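The values are calculated or read from the model by the stated rules, or taken from the named source; none is laboratory data. In this text the structure is predicted, and so the values were computed from the model without any measurement. Positions of Cβ are backbone-derived with ideal geometry, glycine not excepted, and every protein chain shown enters the neighbour counts. In case anyone asks, the SASA skips ligands and DNA or RNA and just uses the protein heavy atoms, side chains included. Shrake-Rupley method; radii C 1.70, N 1.55, O 1.52, S 1.80 Å.
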Amino acid sequence: MSWKSRGGEKTVSRRWTLLLCVGSFFTGLVFTNRMWMVPDAKDIIRTSKSKEHRQEMDQKEEARKILGENSTTDEDLQLLNKTISNLEMELAAARMAQESLLKRSPLAEELKDINTSRRHKYFMVIGINTAFNSRKRRDSVRATWMPQGEKRKKLEEEKGIVICFVIGHGATSGGILDRTIEAEDRKHGDFLRLNHVEGYLELSAKTRTYFATAVSLWDANFYVKVDDDVHVNIATLGTTLARHRLKPRVYVGCMKCGPVLARKGVKYHEPEHWKFGGVGNKYFRHATGQLYAISNELATYISINQHMLHKYANEDVSLGSWFIGLDVEHIDDRKLCCGTPPDCEGKARAGNTCVASFDWNCSGICNSIDRIKEVDRLLYCDRIRVPSWNVSSQGNYSGLDFGNGRLHFTRGSQGLGEWVFVGHSLQCHHLS
């Protein structure tokens, strides 16, 4: 290397400068290739596919471990997927229950025992929709078809049938309305309180909250909603629903598809009438609101998706809309919407005992506070099982006296009616 002096300063010759630059360039190039070598695109795809294949093999291996070494068919894998799906639904329901508990909702006390209650399998939960000003209606139901005290507890423990009044809370939390219901609940112990503010225009939201709450508290085959001005034959309801017990997604009720009422001011006006087409169109088929039942899987679906389910003005329309697009079997059973006597009496004598009785023109039993007792009395004969003379669990009968071709039955000190032989048949005579 030679140095030249210019003006008293030593400088490197141009040739050496050029060689140093070229050497530095190639040295850096070699270093960069070693440190930042980019794999070929084919290698990336090959590696990705290999990783996906290993994950798929691992998943299949896990499935074989769960289903057994010899279970490798597509049917077994489908069964596993269904099991996982059911577990996910239960997990979602449990999470919602936990959220309600953490938020200290009014359900907190009941939800503390959720793990214990879900271990017990129930047949059906009957929720009686009621309001703050319906105390007399509730008392009339308690005096007729709804068992009380130990009998209701026994029905729950032995038959798996839960019956309760369903109500939310007043606009003012802890106000006089809430305190009145709390006092009534301490006396009877037959309320299910919802995390919901009561209001007639909020029935769709209340129905949605009821099913979501019920499925989190009780693991039942069916969940029933009934109004507090309807008479129910619990035994016949149970027999009817038992026929559909093995079906996963059933929606049972008296199906209808009434007109969409667009004119304001009329009863059952539909503010969103434009969604159903032009004037004169009808709703999709759905169960009438007095009484209907849904299976466990549908109630779980409502619980999981409740924040996305749209609410129409009428709660029965809302419920029907939630099942559109789902693989749901609609069961149209007219025994769930019989008229009051003599309609239900005639059907019973023809061997078609009614599940629910009410007056269509009143959307319930007209003047139900007084007349539901009359309806109940007239239907007592239908609850006697002849010829075994056994009394169904629906009635509390005593004083059965069979003589002179007559079976007289009473309830307490009240004479109710008697079966009378007429030729070779029996006829029921009601006592006034």
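Diagonalise the Cα gyration tensor of the range 166-223 and give the resulting equivalent ellipsoid semi-axes, square root of 5 times each eigenvalue, largest first, whole Å. Could the numbers behind the result be given before it?
Details: eigenvalues 86, 51, 12 Å².
Semi-axes (√(5λ), whole Å): 21, 16, 8.
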_Separation of the A350 and K187 label points, Cα + 7 Å toward Cβ, nm_ = 4.2 nm
_How large is the translational diffusion coefficient of the range 219-365 in µm² per second when you combine the Kirkwood radius over alpha carbon pairs with Stokes-Einstein at 4 °C and 1.567 mPa s?_
79 µm²/s
*Difference of contour (0.36 nm per residue) and Cα-Cα distance, Y200 to T17*: 56.6 nm
*Report the label-to-label distance for Q306 and E272 in nanometres (one decimal), using points 7 Å from each Cα along the Cα→Cβ vector.*
1.8 nm
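Per residue, how many Å² of accessible area does the range 198-262 show with a 1.4 Å probe? Don't skip to the answer; put the middle values down first.
On the way: 2070 Å² over 65 residues.
I get 32 Å² per residue for this part.
Rounded to the nearest percent, how much of the accessible area of the range 289-349 (1.4 Å probe, protein heavy atoms only) is carbon and sulfur? Don't skip to the answer; put the middle values down first.
Working: 1150 of 2360 Å².
Carbon with sulfur: 49 percent of the solvent-accessible area.
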*Qualifying chymotrypsin sites (Phe, Trp or Tyr not before Pro) for the range 189-293 [loop in DSSP, other Cβ within 10 Å: at most 15]*: Y268, F284
*Using r as the Cβ-Cβ distance of R263 and D332, and R0 as 30 Å, what FRET efficiency do you calculate, to the nearest 0.05?*
0.60
*Ignoring ligands, DNA and RNA, what percent of the accessible area of the range 127-277 is carbon or sulfur (1.4 Å)?*
55 percent
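On a full-extension model of 0.36 nm per residue, what is the gain between F26 and H120, subtracting their alpha-carbon distance, rounded to one decimal in nm?
26.1 nm
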